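These notes concern the structure reproduced below.
The values are calculated or read from the model by the stated rules, or taken from the named source; none is laboratory data. Keep in mind that what you see is a predicted model, and the values were worked out from it rather than measured. Because the Cβ atoms are built from the backbone with ideal geometry, glycine has one as well, and the counts that use them run over all protein chains shown.
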């Protein structure tokens, strides 16, 4: 039983990270219909910035996470301006391909700048808490709590502030919102900034638990895509639910089915769900 | 009308010259390194022709291509190593097997559309890649398979030398180009293009969209699997890398650089980009640093690739006024040239 609860906690940790990454991806998709392949690589750069902030500049963990968030937000806005905005009216497969191009560039740049070595962010909160036979490091608790706080903050921002509602308005109807005076360009940039910030913070949270390396973005972006496809592309509740579902499935699957094939499970879940429902669980229909 | 005929003649002369060059290339003694590079580019080009059919003519961006390439390679390798089949049996068998796998993938994946389809096929590619990595007992896991037999001699012709292998691959490539040329200029090819341009319209005309999509995907997979099995016999060592999404992205780059929905595009793009990679040896691991932005620039400024650009320039020249109207592709609808 305690093994089961242990795996639930691990699944929630994993799910929290997936949620934060998938939320950004789904926000961007909702606004611009861009499947932003470079998103996972922004996550990767975020992990590196946190790593160097702490080791090279001796910054506090939280400060370097914040710095990473801001730097990646700026990087996100730059990709929007340079890559996606010029292709706004291009056919959708072209935007997809451009996103792949941005992804290739970021990965190669990371490899050139920082090498292919595996690094790990020095753990700050590595005390082990244990109750009822379940042992959890403080870092995992921090990940779970921080993710919930960020999700709540994002929802409040989108529902309760005028800027937030303008993002939702553009997602629902870009032409209509520019008609009522919303600057769609600014909203696009803002969305990229928020999404990239979330990805960088997720990376900073995950950094002390997992490893940091140039291709770390590749698997997470594909899983984030799995999540938003499961949840319906552009749907925020879908991304949250999907993120936790995937995290839990993977962690339980790794324990009870096969450790070797744990990454395959995520993709199999997608194949099964799309086989039954080709438009995802929460989609309004294509 | 006269100018159109003339263009016809000129282009055929040009293709003949290219063909002769391809055949005498090893006789020019370019050194085994270059023969190897060009042979490998030919193998990739065969796979890119598969992608061209499904993405260029059918408009369905499948990102499972490297997975299928890897599947074909492993299938051929296992057939020759474990079952001791001859190369001439293993290659068609591996290609057909890949097409069969694609049939089942197609049955499910074509229920989805647009971005869903792209992500779905990407996931299929990742699954194939991960299974190859993890299934140690059959695929050798991360170590891969070593010592795949060379192509079996065909009567008196043996394929021990690099030059002989070059010609073998060239013949397979020409076969692929010929089949693709006949296919896309047939009624079936026209059907594919009509589905690409408007699924609803095609369906309204009585075309079975699902059946045609699966057909295109299977044919594409057949050639991709064939390329994979040739790769296995030529390189004689395969690892899980050849099924990774990175290779799919490279195929895509080759296709876009050359020009999608054209018969010359895949070979032009593959040769050019492989050549570029080889001449930028010092960039080896960092070539994506260049390829990434290049991909973005191509999509933005050259959506029809180099072949598309040549067609555009040719149709602009003052002697070809009459051809200009029919060949000039509009911006949103992909045009097609030879």
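This table checks each residue for (1) more than 16 Å from residue B:126 (Cβ to Cβ); (2) buried (at least 22 other Cβ atoms within 10 Å of the Cβ); (3) more than 9 Å from every other protein chain (Cβ to nearest Cβ).
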site	(1), (2), (3)
A:224	no, yes, yes
A:233	yes, yes, no
A:239	yes, yes, yes
A:243	yes, yes, yes
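Could you tell me which residue of the stretch A:91-121 is surrounded by the most Cβ atoms within 10 Å (Cβ to Cβ), considering only residues that are in a loop (DSSP other than H, G, I, E, B) and more than 7 Å from chain B (Cβ to nearest Cβ)? Even if it seems obvious, please write down each step before you answer.
Initially, the stretch A:91-121 is screened for residues in a loop (DSSP other than H, G, I, E, B), giving A:91, A:115-118, A:120-121.
Restricting the remaining residues to those that are more than 7 Å from chain B (Cβ to nearest Cβ) gives A:115-118, A:120-121.
Values: A:115: 11, A:116: 11, A:117: 10, A:118: 11, A:120: 14, A:121: 27.
Here the residue is A:121.
Within the stretch A:37-68, restricting attention to residues that are in contact (Cβ under 8 Å) with a residue 60 or more places away in the chain and assigned to a loop (DSSP other than H, G, I, E, B), which residue is surrounded by the fewest Cβ atoms within 10 Å (Cβ to Cβ)?
Filtering first and then ranking leaves A:37.
Quick one: is residue B:126 within 14 Å of another protein chain (Cβ to nearest Cβ) and either more than 17 Å from residue B:79 (Cβ to Cβ) or surrounded by 18 or more Cβ atoms within 10 Å (Cβ to Cβ) (or both)?
So residue B:126 passes the test.
Return a yes/no flag: does the stretch A:15-32 have any residue that is surrounded by 19 or more Cβ atoms within 10 Å (Cβ to Cβ) and over 15 Å from the mean Cα position of the chain (by Cα). Before the answer, list the steps.
Kept after step one, since they are surrounded by 19 or more Cβ atoms within 10 Å (Cβ to Cβ), are these residues of the stretch A:15-32: A:15-32.
Okay, now just the ones that are also over 15 Å from the mean Cα position of the chain (by Cα), so A:31-32.
Taking every residue of the stretch A:15-32 in turn, at least one turns out to be surrounded by 19 or more Cβ atoms within 10 Å (Cβ to Cβ) and over 15 Å from the mean Cα position of the chain (by Cα).
Does residue B:40 qualify as being under 14 Å from the mean Cα position of the chain (by Cα) and surrounded by fewer than 24 Cβ atoms within 10 Å (Cβ to Cβ)?
yes
Go through the residues of the stretch B:155-166 one by one and say whether even a single one is part of a helix (DSSP H, G or I), touching a strand residue (DSSP E or B) at 6+ places or on another chain (Cβ under 8 Å) and without any contact (Cβ under 8 Å) to a residue 24 or more places away in the chain. Walk me through it before giving the result.
Of the stretch B:155-166, the ones part of a helix (DSSP H, G or I) are B:162-166.
Checking the rest, the ones that are also touching a strand residue (DSSP E or B) at 6+ places or on another chain (Cβ under 8 Å) come to B:164.
From what's left, without any contact (Cβ under 8 Å) to a residue 24 or more places away in the chain: B:164.
Checked the stretch B:155-166: at least one residue is part of a helix (DSSP H, G or I), touching a strand residue (DSSP E or B) at 6+ places or on another chain (Cβ under 8 Å) and without any contact (Cβ under 8 Å) to a residue 24 or more places away in the chain.
Answer with yes or no whether residue A:274 is more than 10 Å from chain B (Cβ to nearest Cβ) and either at pLDDT below 80 or surrounded by fewer than 24 Cβ atoms within 10 Å (Cβ to Cβ) (or both).
no
Could you tell me whether residue A:190 is within 14 Å of chain B (Cβ to nearest Cβ) and in contact with a helix residue (DSSP H, G or I) (Cβ under 9 Å, 6 or more places away or on another chain)?
Criteria not met by residue A:190.
Does the stretch A:122-133 include one or more residues that are touching a residue at least 24 places away in the same chain (Cβ under 8 Å) and buried (at least 17 other Cβ atoms within 10 Å of the Cβ)?
no
Out of B:249, B:291, B:319, I need the residue that is in contact with a helix residue (DSSP H, G or I) (Cβ under 8 Å, 6 or more places away or on another chain) and at pLDDT 85 or above. Which one? Give the derivation first.
Numbers: B:291 fails: at pLDDT 85 or above; B:319 fails: at pLDDT 85 or above.
From the options B:249, B:291, B:319, the qualifying one is B:249.
From A:59, A:112, A:87, which residue is more than 20 Å from the chain's Cα centre (by Cα) and within 22 Å of residue A:205 (Cα to Cα)? Outline the logic, then answer.
Values: A:112 fails: within 22 Å of residue A:205 (Cα to Cα); A:87 fails: within 22 Å of residue A:205 (Cα to Cα).
Selected residue: A:59, the only one of A:59, A:112, A:87 that is more than 20 Å from the chain's Cα centre (by Cα) and within 22 Å of residue A:205 (Cα to Cα).
Keeping to the stretch B:89-123, report how many residues are under 13 Å from residue B:54 (Cβ atoms) and within 14 Å of chain A (Cβ to nearest Cβ).
Within the stretch B:89-123, residues that are under 13 Å from residue B:54 (Cβ atoms) and within 14 Å of chain A (Cβ to nearest Cβ) number 7.
So which helices (runs of 4 or more DSSP H) stay within the stretch B:195-272 end to end and still have 2 or more residues that are over 25 Å from residue B:149 (Cβ atoms) and away from chain A (no Cβ under 14 Å)?
Details: elements: B:199-204, B:209-235, B:245-258.
Result: B:199-204, B:209-235.
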